[in-house]
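**Student:** Got a structure for you, questions after.
The values are calculated or read from the model by the stated rules, or taken from the named source; none is laboratory data. Here the structure is a predicted model, which means the values were calculated and not measured. With ideal geometry, Cβ positions are generated from the backbone for all residues, glycine too; neighbour counts draw on all protein chains shown.
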Amino acid sequence: MSNQANLTIGDQAFPLNVIVGTEDEHALDISTLRKDSKFITYDDGYGNTGSCESSITFIDGDKGILRYRGFDISELAEKSNFLESCLLLFNGELPTTSAIENFKLQVSSMSALPADVESMIESMPSTTHPMGILGAALQALGGSFPKLSTNTRPADVESFDEAAALILGAIPSIAAKHYRSSRNESIPSRRGNHNYCENFLHMMFGNEDGQSIDPAVSNALDLIFLLHADHEQNCSTSTCRMIASGGANAFASLAGAVSALWGPLHGGANMAVIKMLNEIHSAGDDGSQFIQSAKEGKSRLMGFGHRVYRNYDPRAKILKSACDQALTALGVESPILDIARNLERSALQDEYFIQRKLYPNVDFYSGIILQAMGFPTDMFTVLFAIGRAPGWLSHWKEIATHGKRIHRPRQIYQGSIHRPYIELGNR
Ligand code: SDX
């Protein structure tokens, strides 16, 4: 294919360069279209629009492929772990043993929250959702470390490694601090021999006698975080990049990404899946009535469908088998897991879903595992955010080091045309 395309408007031809990615994706470069033709393009929801060139994550929605820096998610899920994948996303290469050990120590040393952040969490209205707490606490964390959130570059780029380790160390503590405070409990003292996920589970559910954490549970949580670590230009990551493009620091950019993730069509779907499965269960439905209502457009099969995947979300496949192993290890019988399996089986055979290429996505099974681990449903999206933090940070770094311009889309105005002011007495 040539590296040029021609757009014809009326009797005028406008040559457009073609950009080809390393995975042979093709894009029309319309950077000068408005200047040359006075036309802009229109693409509701950006489904056909590339906002950037990125080297972090590749998705092929038709083939159900997901790769972090070229490494396939199924291989990382089998052989890697969350903190190693964080370094891979940040730096572009699999880290050495010493880099991993140093990073683990750095993250662990930053898990204790500054007193101001703790008191801010305690002072938030008791009805605040955990995602609201997380967004506010990230801003407070940045405020506690002004040298890491200067809103100037290259300063914020030079301190990226320290800011990233601080954020990754602190967000499980923010989540656990709010969970404990809302139950008038305090976080038990830290156990030096705990890894990242064991420490989080201990902060959440442990006590002073520090009973051991089941490796099956901490490994399942590590897998969930790894699978959520990045997903190219999804709604929350694009929000993070939008904020970063204006020069804002990583803490502010991630606080904005947290707000974007909260929505039920995005990261809030894992909570919505559990709510949906519990409602189906309480109604004595095996799922077939619900499928019918989804087909009639009366409800949405939460955890199904994806803007990019027109095939099975590879993360859902991995989580589906992890779900069985985690529930067996936990000795948990989950009636909603049977309903989930029934919904999946029916939907994958039903023309409505097949025609629309609707398959289970990452949220379909994650909630079932998190509920079995004992996490309250309103924390599920916070857990998604902990997993996605390295992705947001990697994209912040990519914009901060390679970004060209502030993100500022155009629009097609459809409002009132020019009209004179009407005095109050004449309205
Ligand atoms: C995540 O982008 C990412 O990468 C996100 C994410 C990440 O890692 O960051 O992967 C995480 O957000 C996963 C998605 C979680 N959300 C849900 O599970 C909510 C349920 N899913 C949908 O609402 C929907 O599928 C979206 C939001 C995920 C995608 O929406 P699109 O691409 O805008 O699709 P659409 O709404 O235009 O739907 C196309 C058709 C419509 O039917 P018709 O109008 O053609 O008749 O499919 C139907 C929709 O009604 N449809 C569904 C459906 N999803 C789409 N019908 C029933 N149940 C569903 N879940």
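**Student:** In the stretch 213-226, what count of residues is obtained for those that are outside any helix (DSSP H, G or I) and aromatic (Phe, Trp, Tyr)?
**Tutor:** The qualifying residues number 0.
**Student:** Right, here's the next one. Go through (1) out of contact with any Gly (no Cβ under 9 Å at 6 or more places or on another chain); (2) at pLDDT below 95; (3) aliphatic (A, V, I, L, M) for residue 213 and report which single condition fails.
**Tutor:** Against the list (1) out of contact with any Gly (no Cβ under 9 Å at 6 or more places or on another chain); (2) at pLDDT below 95; (3) aliphatic (A, V, I, L, M), residue 213 comes up short only on (1).
**Student:** Quick check on my filter: what residues within the stretch 290-305 are within 6 Å of the ligand (Cβ to nearest atom) and either outside any loop (DSSP other than H, G, I, E, B) or touching an Asp or Glu at 6+ places or on another chain (Cβ under 6 Å) (or both)?
**Tutor:** 294, 303, 304
**Student:** Now a separate question. Can you tell me how many residues within the stretch 58-92 are part of a helix (DSSP H, G or I) and among the hydrophobic types (A, V, I, L, M, F, W, C)?
**Tutor:** Looking only at that region, the number is 10.
**Student:** Name the residue that is nearest to residue 239 (Cα to Cα), counting only residues in the stretch 32-47 that are of a type outside the set (D, E, K, R) and surrounded by 11 or more Cβ atoms within 10 Å (Cβ to Cβ).
**Tutor:** Going through the qualifying residues, I end up with 46.
**Student:** Applying the selection to the stretch 333-359, what residues are of a type outside the set (Val, Ile, Thr), over 20 Å from residue 62 (Cα atoms) and surrounded by 14 or more Cβ atoms within 10 Å (Cβ to Cβ)?
**Tutor:** Matches in the stretch 333-359: 334, 337, 338, 340, 341, 342, 343, 346.
**Student:** If you check residue 382 against the conditions, is it in a loop (DSSP other than H, G, I, E, B), touching a helix residue (DSSP H, G or I) at 6+ places or on another chain (Cβ under 7 Å) and not assigned by TED's automatic domain parsing to the domain that holds residue 87?
**Tutor:** Here the answer is no, as residue 382 does not meet what is asked.
**Student:** Got a sec? Which helices (runs of 4 or more DSSP H) wholly within the stretch 113-212 have at least 3 residues that are surrounded by fewer than 16 Cβ atoms within 10 Å (Cβ to Cβ) and not aromatic (Phe, Trp, Tyr)? Spell out the reasoning first.
**Tutor:** Numbers: elements: 115-123, 130-144, 155-158, 160-181, 196-205.
Passing ranges, in order: 115-123, 155-158.
**Student:** Also, quick follow-up: Tell me, yes or no, whether the stretch 354-365 has at least one residue that is near the ligand (Cβ under 10 Å from one of its atoms), touching a Leu at 6+ places or on another chain (Cβ under 6 Å) and within 20 Å of residue 268 (Cα to Cα).
**Tutor:** No, every residue in the stretch 354-365 fails to be near the ligand (Cβ under 10 Å from one of its atoms), touching a Leu at 6+ places or on another chain (Cβ under 6 Å) and within 20 Å of residue 268 (Cα to Cα).
**Student:** On to the next question. Within the stretch 396-414, identify whether any single residue is closer than 25 Å to residue 257 by Cα and within 16 Å of the ligand (Cβ to nearest atom), and answer yes or no.
**Tutor:** Yes, that holds for at least one residue.
**Student:** For the stretch 303-327, give me each residue that is under 16 Å from residue 371 (Cα atoms) and in contact with a helix residue (DSSP H, G or I) (Cβ under 8 Å, 6 or more places away or on another chain).
**Tutor:** Hits for the stretch 303-327 are 303, 319, 320, 322, 323, 325, 326, 327.
**Student:** Please state which one of 284, 263 is among the small types (Gly, Ala, Ser) and within 16 Å of the chain's Cα centre (by Cα).
**Tutor:** After ruling out the rest, the residue left standing is 263.
**Student:** What are the residue pairs meeting all of these: first residue in the stretch 42-57, first residue assigned by TED's automatic domain parsing to the domain that holds residue 23 and outside any loop (DSSP other than H, G, I, E, B), second residue at pLDDT below 95 and within 13 Å of the ligand (Cβ to nearest atom), Cβ atoms under 8 Å, and 6 or more apart or on different chains?
**Tutor:** From the stretch 42-57, the pairs are 45/307.
**Student:** Suppose we filter 308, 258, 273 for residues that are assigned to a helix (DSSP H, G or I), among the β-branched types (Val, Ile, Thr) and more than 25 Å from residue 333 (Cα to Cα); which single one remains?
**Tutor:** The unique qualifying residue is 258.
**Student:** Return the total of residues in the stretch 341-353 being touching a helix residue (DSSP H, G or I) at 6+ places or on another chain (Cβ under 6 Å) and either modelled with pLDDT under 90 or more than 10 Å from the ligand (Cβ to nearest atom) (or both). Show your work before the answer.
**Tutor:** Let us first name the residues in the stretch 341-353 that are touching a helix residue (DSSP H, G or I) at 6+ places or on another chain (Cβ under 6 Å), namely 346-347, 352-353.
Narrowing the set further to residues that are either modelled with pLDDT under 90 or more than 10 Å from the ligand (Cβ to nearest atom) (or both) leaves 346-347.
Counting residues in the stretch 341-353 that are touching a helix residue (DSSP H, G or I) at 6+ places or on another chain (Cβ under 6 Å) and either modelled with pLDDT under 90 or more than 10 Å from the ligand (Cβ to nearest atom) (or both) gives 2.
**Student:** Given the structure, is residue 318 within 16 Å of the ligand (Cβ to nearest atom), farther than 20 Å from residue 264 by Cβ and buried (at least 22 other Cβ atoms within 10 Å of the Cβ)? Steps first, please.
**Tutor:** Values: within 16 Å of the ligand (Cβ to nearest atom): yes; farther than 20 Å from residue 264 by Cβ: yes; buried (at least 22 other Cβ atoms within 10 Å of the Cβ): yes.
Yes; evaluated as a whole, the condition is true for this residue.
**Student:** Could I ask something else about it? Out of (1) on the phi > 0 side of the Ramachandran plot; (2) out of contact with any strand residue (DSSP E or B) (no Cβ under 9 Å at 6 or more places or on another chain), the odd one out for residue 70 is which?
**Tutor:** So residue 70 meets the others, but not (2).
**Student:** Being free of Cβ contacts under 8 Å to residues at least 60 places away in the same chain and away from the ligand (no atom under 13 Å from the Cβ) is the filter here; which residues of the stretch 257-279 pass it?
**Tutor:** 278, 279, listed by residue number.
**Student:** So, of the residues in the stretch 89-120 that are more than 24 Å from the chain's Cα centre (by Cα) and hydroxyl-bearing (Ser, Thr, Tyr), which turns out to be nearest to residue 141 (Cα to Cα)?
**Tutor:** It comes out as 119.
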